[in-house]
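> Could you have a look at this structure, given as C-alpha cells, before my questions?
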Amino acid sequence: METPLEKLYTEYARALHRFAVGLTGNVDEASDIVQNVFMRLASKQNSSTTITKAYLFSAVRNGVKDFWKRKRPIPFSHMTAANDTENEMGGMDIPDDAPGPLEQAHTASEFTSVLKALQMLTEEQREVLSLKYFSGLSTREVAAEMGKNENTVRQMEFRALSSLRRVLQSKK
Amino acid sequence: MNNIHPDTVAEIMKALDEGVSVDALVRKFPDHRAAIEEVEETRQLLARAASAIPEPITKPLGARLPQVGGSVESPFVINSLFLSMNYKIILPVLVLGLVVVGGTVFFSGKGGHIAETPTKTTPSKVAANASVDDVLAGFSADAASDQMAYADDGVSADMFAQSELSGFDSDTYDY
C-alpha cells in the first residue's frame with residue numbers, strides 16, 4: 001500500500017522532473033533535484049507540513065536555485081538576448097528561405113538546442129514555458145503556481161515564446 | 001510582435017490553448033498574422049522538445065525511501081546507490097563488476113580446458129605414445145641382453161657388432 005508521500009511521488013515526480021529539466025537545461029541534474037526534494041520530505045514525514053502540489057513545485061524551484069548557485073554564473077553577454085524581450089521582431093532581417101524552428105526540430109540536436117535557448121530567457125519566462133510545455137500544466141495551474149492571474153501568464157508566455165524564437169534564430 | 005495590445009495577446013494565447021486554428025485566428029486578427037504563426041510554430045517546437053525529454057531513471061519510491069517509524073534499510077546503501085541516483089558512478093561500477101565476473105568465469109573455464117588437455121587425449125593416442133616408448137625400451141633391452149650373451153661366450157663388442165651386421169647382410173641376402 002502506498003504511503004501519502006509515495007502517492008505524491010507517483011503523481012507529480014514526472015511533472016516535477018520535466019519542470020526541473022526546463023529550468024536547469026540538464027536532465028541528470030533535474031533528476032537529482034527532484035530526488036533530493038522527496039528525500040527531504042521523507043526525512044520530515046512526521047512534521048505537520050501539508051505537502052501540496054504547489055509546495056512540491058516550489059521545492060523544486062528552490063532546488064534549481066541551489067543548482068544555479070553551485071554552477072558558474074552565466075556571462076552577461078549571454079544574457080542580453082534574453083533580457084531584450086521588448087525588442088521588435090522587425091529589426092531582424094530573416095531570409096524567407098531560412099529553416100524555421102520546426103524544421104530544426106527534425107535534427108537530433110534540436111532538444112539540446114531548445115534547452116540551451118531556454119537558459120537564455122529570463123527566470124520567469126523559463127518558468128512559465130517549463131510549467132506549461134514540459135510539465136503540462138494548464139494556464140490556470142501555471143497562474144496558480146506563479147501567483148499571477150491567467151491573462152498575465154498568457155502575456156508572459158507570448159513574450160517568452162517570442163524570445164525563445166529569437167534566441168533560436170540567433171543561434172543558427 | 002511585441003506591439004500587440006496585451007488584451008489581444010491574451011486573447012490569441014487563450015484561443016491557441018483552446019485549439020482554435022491559426023487560420024481562424026489570422027482571419028480574426030489579420031494584422032498579426034506573422035506573430036500568430038510564429039508563436040504557434042514555437043509552441044509546436046516546445047511541444048516536440050517536451051516529448052524528447054527522457055524519463056528519469058527511477059525505481060519505485062518505496063524501494064528508495066527509508067521506512068520512517070520502522071527499521072531503516074541500510075541508509076548508506078540507499079543513500080549512495082538509489083536515493084541520490086548516482087547512476088553515473090553506479091553504472092560503470094556494475095559494468096566493471098560484470099566484466100570481471102564474466103572474465104573470471106570465461107578464463108577459468110578456458111584454463112580448465114588447457115589443464116585438462118592431457119587427460120582429454122584419446123586412449124588410442126596414449127596407447128600409441130606408450131607403445132613407441134615401450135618398443136624403443138624393448139629394443140635397447142634386447143640389444144643389451146644379446147651383447148651380454150655374446151660376451152659370456154667370449155665374443156667382444158666389435159665381434160658382436162660385426163656379427164650383427166653380417167647377420168643382417170646374410171639375412172637380407174638369404175631372404
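The values are calculated or read from the model by the stated rules, or taken from the named source; none is laboratory data. As the structure is a computational prediction, the values presented were derived from the model and not from experiment. For neighbour counting, all protein chains shown are included, and Cβ atoms are generated from backbone atoms with ideal geometry for every residue, glycine included. Areas reflect the complete protein model, heavy atoms only, side chains present, ligands, DNA and RNA absent. Shrake-Rupley method; radii C 1.70, N 1.55, O 1.52, S 1.80 Å.
> For the range A:1-104, which helices (runs of 4 or more DSSP H) that fit wholly inside it have 2 or more residues that are away from chain B (no Cβ under 14 Å) and at pLDDT below 80?
Output list reads A:76-83.
Residue-by-condition table, conditions (1) in a loop (DSSP other than H, G, I, E, B); (2) under 24 Å from B:PRO54 (Cα atoms):
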| residue | (1), (2) |
| --- | --- |
| A:VAL128 | no, yes |
| A:LYS148 | yes, no |
| A:GLN155 | no, no |
| A:PHE158 | no, no |
| A:SER162 | no, no |
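> Same structure, new question: Within the range B:13-55, can you find the residues that are touching a residue at least 24 places away in the same chain (Cβ under 8 Å) and within 7 Å of chain A (Cβ to nearest Cβ)?
Within the range B:13-55, B:MET13, B:GLU38, B:VAL39, B:ARG43 qualify.
> Kindly check whether there is at least one residue in the range B:63-70 that is at pLDDT below 90, under 22 Å from A:ALA30 (Cα atoms), in a loop (DSSP other than H, G, I, E, B) and out of contact with any strand residue (DSSP E or B) (no Cβ under 9 Å at 6 or more places or on another chain).
Yes, because at least one residue in the range B:63-70 is at pLDDT below 90, under 22 Å from A:ALA30 (Cα atoms), in a loop (DSSP other than H, G, I, E, B) and out of contact with any strand residue (DSSP E or B) (no Cβ under 9 Å at 6 or more places or on another chain).
> Another question, then. Being part of a loop (DSSP other than H, G, I, E, B), out of contact with any helix residue (DSSP H, G or I) (no Cβ under 9 Å at 6 or more places or on another chain), at pLDDT 90 or above and open to solvent by 10 Å² or more (accessible area, probe 1.4 Å): is that true of B:GLY19 here?
So B:GLY19 fits the description; yes.
> Which members of the range A:137-165 meet the condition of being under 13 Å from the mean Cα position of the chain (by Cα), away from chain B (no Cβ under 11 Å) and of a type outside the set (A, V, I, L, M)?
Selection gives A:GLU145 alone.
> While we're on this one: For residues in the range B:22-52 being more than 28 Å from A:HIS17 (Cα to Cα) and among the basic types (Lys, Arg), which is most open to solvent (accessible area, probe 1.4 Å)?
Of everything passing the filter in the range B:22-52, B:ARG27 is most open to solvent (accessible area, probe 1.4 Å).
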